[in-house]
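Colleague: Here it is, the structure in full.
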Amino acid sequence: MKEVGWIGTGVMGSSMAGHLQKAGYGLFVYNRTKSRAEGLLANGAVWCESPAQVAARARIVFSMVGHPSDVEEVYTGKGGVLKATDSKCKILVDMTTSRPTLASVLSQQAESKGIAFLDAPVSGGDIGARQATLAIMVGGRKDIFDEVLPFFLIMGKTISFMGGPGAGQHTKVCNQILVTGTMISMCEALIYAAKIGLDQQAVIDIVGKGAAGSWSINNLGPRVVKGDFNPGFYVEHFLKDMEIALSEASAMGLCLPGLALVNQLYLAVKTMGHGRSGTQALYLALKTLNGLA
């Protein structure tokens with residue numbers, strides 16, 4: 001499989017596909033906005049006019065899009081991967097953070113056409129995508145996971161098979177529940193440091209090395225200090241992830257009050273006009289709540 005299909009060349013997808021390209025794989029690429037794929041195309045990727053065209057050209061197809069509705073459109077919409085009549089595709093790998101139930105449905109639909117499907121959401125943000133250090137959590141068939149593992153190792157550092165269809169997405173829900181807690185803690189700590197007059201970066205440098213250390217404080221904290229709220233991961237996408245987690249929790253009868261609180265705060269961030277800002281923009285909402293804006 002020296003030729004690979006790739007759908008979705010946004011903040012993370014473009015870097016992930018780029019690593020495959022640098023490893024010597026030919027790419028067949030589709031994105032809703034063609035200009036977002038120009039870097040890959042300039043390096044030799046072949047443009048396709050639809051997801052179905054990608055599936056017609058490549059035996060393995062990866063997708064990395066925004067929302068579950070985008071995933072549905074890519075796979076089952078007009079011109080979708082599973083609508084291809086002349087498909088040579090045998091393996092589909094969706095790396096979007098999406099609904100576990102949707103992953104299970106797509107797996108069933110793909111299998112009915114003789115195509116294997118993996119759900120393989122990632123964690124690590126734009127930094128992990130650029131540096132190929134992503135954590136990749138995978139659901140589906142173990143034999144297909146083993147076949148795709150060499151591709152995952154090009155894009156990530158920690159790859160785990162979690163179980164059957166949807167298991168990768170359920171693991172990503174756990175990941176995002178953890179991230180919500182570290183994000184609010186990071187922003188509250190930096191608000192406290194600013195209020196008392198401490199050097200925020202100096203605080204990050206010391207607490208980030210101890211028991212309070214986290215990916216958020218060490219990677220996003222310095223961006224907050226610099227006033228950099230550009231997206232590594234969009235607020236609106238994080239809201240999508242939290243809504244998936246809350247929906248799944250509700251279906252299981254689970255009460256997750258911390259998650260619900262952070263979700264409400266991020267809704268406030270979006271209302272302030274920061275839906276397309278990075279998740280560290282939560283700091284701006286907390287500044288406003290504390291009269292520090």
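Colleague: Keeping to region 119-137, report how many residues are at pLDDT 95 or above and in a loop (DSSP other than H, G, I, E, B).
Modeller: 4
Colleague: Could you tell me whether Pro222 is farther than 25 Å from Pro68 by Cα, outside the structural domain of Ala285 (by TED's automatic domain parsing) and either free of Cβ contacts under 8 Å to residues at least 12 places away in the same chain or in contact with a helix residue (DSSP H, G or I) (Cβ under 8 Å, 6 or more places away or on another chain) (or both)? It would help to see each step written out before you state the result.
Modeller: Numbers: farther than 25 Å from Pro68 by Cα: yes; outside the structural domain of Ala285 (by TED's automatic domain parsing): no; either free of Cβ contacts under 8 Å to residues at least 12 places away in the same chain or in contact with a helix residue (DSSP H, G or I) (Cβ under 8 Å, 6 or more places away or on another chain) (or both): yes.
For Pro222, the condition - farther than 25 Å from Pro68 by Cα, outside the structural domain of Ala285 (by TED's automatic domain parsing) and either free of Cβ contacts under 8 Å to residues at least 12 places away in the same chain or in contact with a helix residue (DSSP H, G or I) (Cβ under 8 Å, 6 or more places away or on another chain) (or both) - is not met.
Colleague: Pick from Lys226, Lys172: which is within 22 Å of Val93 (Cβ to Cβ) and among the basic types (Lys, Arg)?
Modeller: Lys172
Colleague: Identify the single condition in (1) more than 15 Å from Ala103 (Cα to Cα); (2) surrounded by fewer than 22 Cβ atoms within 10 Å (Cβ to Cβ) that Ala129 does not satisfy, given that it satisfies every other one.
Modeller: (2)
Colleague: Output the qualifying pairs, or none if there are none: Cβ atoms under 8 angstrom, residues six or more apart or on different chains, first residue in region 235-254 and over 15 Å from His170 (Cα atoms), second residue of a type in the set (Phe, Trp, Tyr).
Modeller: From region 235-254, the pairs are Val235/Tyr266; Phe238/Tyr266; Leu239/Tyr266.
Colleague: Okay, next question. Being under 16 Å from Val122 (Cα atoms) and touching a Lys or Arg at 6+ places or on another chain (Cβ under 9 Å) is the filter here, so list the residues in region 84-103 that pass it.
Modeller: Of everything in region 84-103, those that are under 16 Å from Val122 (Cα atoms) and touching a Lys or Arg at 6+ places or on another chain (Cβ under 9 Å) turn out to be Thr97, Ser98, Pro100.
Colleague: Here is a further query. Can you name the residue in region 231-265 that is over 16 Å from the mean Cα position of the chain (by Cα) and in a loop (DSSP other than H, G, I, E, B) and is also surrounded by the most Cβ atoms within 10 Å (Cβ to Cβ) among such residues?
Modeller: Leu256
Colleague: Hey, another quick one. Within region 266-293, count every residue that is in contact (Cβ under 8 Å) with a residue 24 or more places away in the chain and part of a loop (DSSP other than H, G, I, E, B).
Modeller: Number of matching residues: 5.
Colleague: Taking only region 107-118 into account, find how many residues are assigned to a strand (DSSP E or B) and either basic (Lys, Arg) or not assigned by TED's automatic domain parsing to the domain that holds Met12 (or both). Talk me through it step by step, then tell me what you get.
Modeller: Within region 107-118, the first condition is being assigned to a strand (DSSP E or B), and the residues that meet it are 116-118.
Right, trim to either basic (Lys, Arg) or not assigned by TED's automatic domain parsing to the domain that holds Met12 (or both) and you get none.
Final tally of qualifying residues: 0.
Colleague: Name every residue in region 13-30 that is over 16 Å from Leu153 (Cα atoms) and not aliphatic (A, V, I, L, M), in order of residue number. Walk me through how you get there before you give the answer.
Modeller: Step one: filter region 13-30 for residues over 16 Å from Leu153 (Cα atoms), giving 14, 26-30.
Once the filter is applied, which keeps residues that are over 16 Å from Leu153 (Cα atoms) and not aliphatic (A, V, I, L, M), region 13-30 yields Ser14, Gly26, Phe28, Tyr30.
The values are calculated or read from the model by the stated rules, or taken from the named source; none is laboratory data. Worth saying up front: this structure is predicted, and the values here are computed from it rather than measured. Methodologically, a virtual Cβ is constructed for each residue, glycine included, from the backbone with ideal geometry; neighbour enumeration extends over all protein chains shown.
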